[in-house]
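Engineer: Pasting a structure below so you can have a look.
The values are calculated or read from the model by the stated rules, or taken from the named source; none is laboratory data. From a predicted model like this one, the values you see are computed outputs, not experimental measurements. Cβ coordinates were reconstructed from backbone atoms using ideal geometry, including for glycine residues, and neighbour counts include every protein chain displayed.
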Amino acid sequence: MVAVSLVLAAVAIVLFTVWFLKQEKIRRNADKLGGPKSLPLIGNVHQLKRDPTELSQQLSELGEKYSHLSAFRLMIGTHPTILVSSPDEAEPLMNSSKHMDKSSDYNFLHPWLATGLLTSTGEKWKIRRKLLTPTFHFKILHDFVGVFNDQTKILLEKLLVKADGETTVDVFNDITLCALDIICETAMGRSVNAQRDSTSEYVQAVYGTSEYTFLRQRTPWYWPQFLFNLIGPGKEYEKCLSILHSFTEKVIREKQAQFSEQYDSKITMQELLDEQDIGGFLGKRKRLAFLDMLLCATTDSQKLSFLDIREEVDTFMFEGHDTTAAASNWALHLIGADDDVQKKVHDEMDAIFGGSDRMATMDDLKEMKYLECCIKEALRIFPSVPVFGRSLTEDTKIAGVEFPKGTSVLISPAAIHRKVHIYPDPEKFDPDRFLPENSVNRHPFAYIPFSAGARKLYRTNCIGQKFAILEEKVILSTIFRNFSVKSMQTREELLPTMELILRPAEGIKVILTQRKKETVI
């Protein structure tokens, strides 16, 4: 018996030694890139901050420290995570059909989003991307502008109450709730009235789900489901998920019933759009939602299943809410902190609208060229998604060092956007960087707030990019048509916090002054 125990112990020691030496080889290989000193077995885990604001600051400092490198590494336990901070290194990774698998961080979104466009990989991602691209047809975006205007009117009403020219107010939640109302109506054709009732069960479930997802993502002992339920907020998370999924499923069933009454079961997206044109000619045009397009989407002549539709609606809700809200808030702060830039924005609004109180049209939005430069520059400094995670699907060289299949890679727009040789004085807010004459020779992967890539038939940048820019233009143009904005925080006081998206820990605090007696609504 003793002999058997000794043999088993010896085998265990040998296996552990082999495993340990293999991990040490991986760690030493990763060290060739450069990065903070790591320890065997635990890597850099003991050095990483737990608080999301402190973690954001720490990663920013690391990015600055290693800015001379095209990539550097962190060791998460025994696993290397490669942070890519150069457009030259980002391009082959993002422009390849081989490295489409998401990193393991995305797994924490699966209970909420299943495997929709954001979280799917491989062949499913390719098929779904090709299928969904037409849902952002120009005609649909044109309809969405009406939704943007309607919901931004409510935002304006709320801001008018706060605009006394003296009081510092936090507008972050106001803009975020406006974005939530917009995404609900454009995604599902339903209003949840978040701006009127921010305490509703659905609104609270949206924020609860996001909060618990990020908490679990950054807390290793919550990764096992049973521990998340036993010692973490797993039950509260499940309750929030149930509310969100139940709401989405109820809307889908109701829409399916309406569709079966109004349209042939074999109607295609293009036929639906054509009917919209006829309806518009007859004065009976109805706004279409993203869900309407999904109901007639087909793959291999088969309609999407109920689960397929739900996961894409939920994905659109997730991707199109916090990201645009954060981008609008960051842009508002940056414009409000620069009098010269704000004057140019005011001048552009006045040139387009004059004294008119009409809503913005698609043609108006196309004319907002300087405001678009401001939005792009804000996204350069504060990209809504500060990193994109990928998992290598084959052994790959990064910055001259070969890494094995399965290695996690984080491509950092925040770091790439601060390369001094591309963007001199990178912390300066300078919308002129995005004037056509200043952008023409820029590296195609030097600006990637919406991801990037063009893998033959499958574009890999954000499918909702045009949607986001249009929404931000409507929100910001409405604010600057009506108000002068004075930002009351320094850049250091904003405290960017890396959660699921990059948001200001202390909100966006401004003083609003009405520009004219009769406001533009």
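Engineer: Do any residues in the range 249-263 that are farther than 14 Å from PHE290 by Cα have Cβ atoms under 9 Å from those of residues that are among the acidic types (Asp, Glu), where the two are at least six apart or on different chains, and which pairs are they?
Structural biologist: So the pair list comes out as TYR263/GLU271; TYR263/GLU275.
Engineer: So, in the range 1-31, exactly how many residues are over 48 Å from the mean Cα position of the chain (by Cα) and outside any helix (DSSP H, G or I)?
Structural biologist: 1
Engineer: Might you check whether a residue that is within 24 Å of the chain's Cα centre (by Cα) and of a type in the set (A, V, I, L, M) occurs anywhere in the range 50-57?
Structural biologist: yes
Engineer: Kindly check whether there is at least one residue in the range 79-87 that is touching a residue at least 12 places away in the same chain (Cβ under 8 Å) and over 24 Å from PHE445 (Cβ atoms). Let's see the steps before the verdict.
Structural biologist: If we filter the range 79-87 for residues that are touching a residue at least 12 places away in the same chain (Cβ under 8 Å), which is where we start, we get 79-87.
Imposing the further condition that a residue be over 24 Å from PHE445 (Cβ atoms) reduces the set to 79.
Yes, the range 79-87 has at least one match.
Engineer: Counting only residues that are of a type in the set (A, V, I, L, M) and assigned to a helix (DSSP H, G or I), which one in the range 408-447 is nearest to MET75 (Cα to Cα)?
Structural biologist: ALA415
Engineer: Would you call SER70 under 24 Å from ILE381 (Cα atoms) and hydroxyl-bearing (Ser, Thr, Tyr)?
Structural biologist: Details: under 24 Å from ILE381 (Cα atoms): yes; hydroxyl-bearing (Ser, Thr, Tyr): yes.
Answer is yes for this residue.
Engineer: Might you let me know whether the range 139-147 holds any residue that is surrounded by 15 or more Cβ atoms within 10 Å (Cβ to Cβ), hydrophobic (A, V, I, L, M, F, W, C) and either modelled with pLDDT under 90 or closer than 26 Å to MET498 by Cα (or both)?
Structural biologist: yes
Engineer: In the range 323-366, what count of residues is obtained for those that are assigned to a helix (DSSP H, G or I) and touching a strand residue (DSSP E or B) at 6+ places or on another chain (Cβ under 6 Å)?
Structural biologist: Selection size over the range 323-366: 3.
Engineer: Do we find a residue being among the aliphatic types (A, V, I, L, M), assigned to a helix (DSSP H, G or I) and either crowded, with 19+ Cβ neighbours inside 10 Å or at positive phi (or both) anywhere in the range 53-69?
Structural biologist: Restricting attention to the range 53-69, the residues satisfying the condition of being among the aliphatic types (A, V, I, L, M) are 55, 59, 62, 69.
Those still in the list that are assigned to a helix (DSSP H, G or I) too: 55, 59, 62.
Still in the list and also either crowded, with 19+ Cβ neighbours inside 10 Å or at positive phi (or both): 59, 62.
Yes, the conditions are met somewhere in the range 53-69.
Engineer: Starting from the range 2-21, keep only residues that are under 19 Å from THR78 (Cα atoms), then list their pairs with residues that are outside any helix (DSSP H, G or I) whose Cβ atoms are within a distance under 9 Å, requiring at least 6 positions of separation or different chains.
Structural biologist: TRP19/THR78; PHE20/PRO40; PHE20/LEU41; PHE20/THR78
Engineer: Among the numbered criteria (1) touching a Phe, Trp or Tyr at 6+ places or on another chain (Cβ under 6 Å); (2) at pLDDT below 80, which single criterion is violated by THR119?
Structural biologist: (2)
Engineer: Among the residues of the range 470-521, what is the count of those that are in a loop (DSSP other than H, G, I, E, B) and either in contact with an Asp or Glu (Cβ under 6 Å, 6 or more places away or on another chain) or aliphatic (A, V, I, L, M) (or both)? First the steps, then the outcome.
Structural biologist: Going residue by residue through the range 470-521, those that are in a loop (DSSP other than H, G, I, E, B) are 488-490, 495, 499-501, 505-508, 515-521.
Right, trim to either in contact with an Asp or Glu (Cβ under 6 Å, 6 or more places away or on another chain) or aliphatic (A, V, I, L, M) (or both) and you get 488, 495, 500-501, 505, 507-508, 520-521.
Counting residues in the range 470-521 that are in a loop (DSSP other than H, G, I, E, B) and either in contact with an Asp or Glu (Cβ under 6 Å, 6 or more places away or on another chain) or aliphatic (A, V, I, L, M) (or both) gives 9.
Engineer: Suppose we keep only residues that are among the basic types (Lys, Arg) and modelled with pLDDT of 95 or more within the range 419-450. Which one would you say is farthest from THR490 (Cα to Cα)? Walk me through how you get there before you give the answer.
Structural biologist: So in the range 419-450, the residues among the basic types (Lys, Arg) come out as 419, 428, 433, 442.
Filter once more, keeping what is modelled with pLDDT of 95 or more: 428, 433.
Working: LYS428: 13, ARG433: 22 Å.
Top of the filtered list is ARG433.
Engineer: Within the range 75-94, count every residue that is surrounded by 21 or more Cβ atoms within 10 Å (Cβ to Cβ) and at pLDDT 90 or above.
Structural biologist: The qualifying residues number 8.
Engineer: Can you say whether GLU402 is outside any loop (DSSP other than H, G, I, E, B) and modelled with pLDDT under 90, as far as the supplied structure shows? First the steps, then the outcome.
Structural biologist: Values: outside any loop (DSSP other than H, G, I, E, B): yes; modelled with pLDDT under 90: yes.
Yes.
Engineer: Another question, if that's okay. Any chance you could count how many residues in the range 96-125 are surrounded by fewer than 17 Cβ atoms within 10 Å (Cβ to Cβ), not in a loop (DSSP other than H, G, I, E, B) and not acidic (Asp, Glu)?
Structural biologist: Counting residues in the range 96-125 that are surrounded by fewer than 17 Cβ atoms within 10 Å (Cβ to Cβ), not in a loop (DSSP other than H, G, I, E, B) and not acidic (Asp, Glu) gives 6.
Engineer: Separate question: All but one of (1) touching a strand residue (DSSP E or B) at 6+ places or on another chain (Cβ under 8 Å); (2) surrounded by 15 or more Cβ atoms within 10 Å (Cβ to Cβ) hold for LYS130; state the number of the condition that does not hold.
Structural biologist: (2)
Engineer: Between PRO36, PRO40, which is touching a helix residue (DSSP H, G or I) at 6+ places or on another chain (Cβ under 9 Å) and farther than 23 Å from LYS397 by Cβ?
Structural biologist: Numbers: PRO36 fails: farther than 23 Å from LYS397 by Cβ.
Just one listed residue meets the conditions, PRO40.
Engineer: Checking ARG28 against (1) closer than 23 Å to THR396 by Cβ; (2) in contact (Cβ under 8 Å) with a residue 24 or more places away in the chain, which test does it fail?
Structural biologist: Going through (1) closer than 23 Å to THR396 by Cβ; (2) in contact (Cβ under 8 Å) with a residue 24 or more places away in the chain one by one, ARG28 breaks only (2).
Engineer: A further question on this structure: Considering only the range 398-409, I want to know if a residue exists there that is in contact (Cβ under 8 Å) with a residue 24 or more places away in the chain and within 20 Å of TRP330 (Cα to Cα).
Structural biologist: No, the range 398-409 contains no residue that is in contact (Cβ under 8 Å) with a residue 24 or more places away in the chain and within 20 Å of TRP330 (Cα to Cα).
Engineer: Quick one: ASP164 ticks every box in (1) assigned to a loop (DSSP other than H, G, I, E, B); (2) buried (at least 17 other Cβ atoms within 10 Å of the Cβ) bar one, so which box is it?
Structural biologist: So ASP164 meets the others, but not (2).
Engineer: Within the range 139-154, does at least one residue satisfy the condition of being more than 28 Å from ASN482 (Cβ to Cβ), acidic (Asp, Glu) and in a helix (DSSP H, G or I)?
Structural biologist: Scanning the range 139-154, I find no residue that is more than 28 Å from ASN482 (Cβ to Cβ), acidic (Asp, Glu) and in a helix (DSSP H, G or I), so the answer is no.
Engineer: Additional query: Out of all the residues in the range 291-317, which are part of a helix (DSSP H, G or I) and out of contact with any Gly (no Cβ under 9 Å at 6 or more places or on another chain)? Write out each step before concluding.
Structural biologist: First pass over the range 291-317, keeping only residues part of a helix (DSSP H, G or I): 291-295, 306-317.
Matches in the range 291-317: MET293, LEU294, LEU295, PHE306, LEU307, ILE309, MET317.
Engineer: Taking the range 220-247 as the region of interest, how many residues are part of a loop (DSSP other than H, G, I, E, B) and either more than 26 Å from THR176 (Cα to Cα) or touching a Ser or Thr at 6+ places or on another chain (Cβ under 6 Å) (or both)?
Structural biologist: Restricting attention to the range 220-247, the residues satisfying the condition of being part of a loop (DSSP other than H, G, I, E, B) are 223-224, 231-233.
Now narrow it down to the ones that are either more than 26 Å from THR176 (Cα to Cα) or touching a Ser or Thr at 6+ places or on another chain (Cβ under 6 Å) (or both): 223-224, 231-232.
The number of residues fulfilling the criteria is 4.
Engineer: If you don't mind, another one. All but one of (1) part of a helix (DSSP H, G or I); (2) on the phi > 0 side of the Ramachandran plot; (3) not acidic (Asp, Glu) hold for GLY34, so report the exception by its number.
Structural biologist: In the conditions (1) part of a helix (DSSP H, G or I); (2) on the phi > 0 side of the Ramachandran plot; (3) not acidic (Asp, Glu), GLY34 misses (1) alone.
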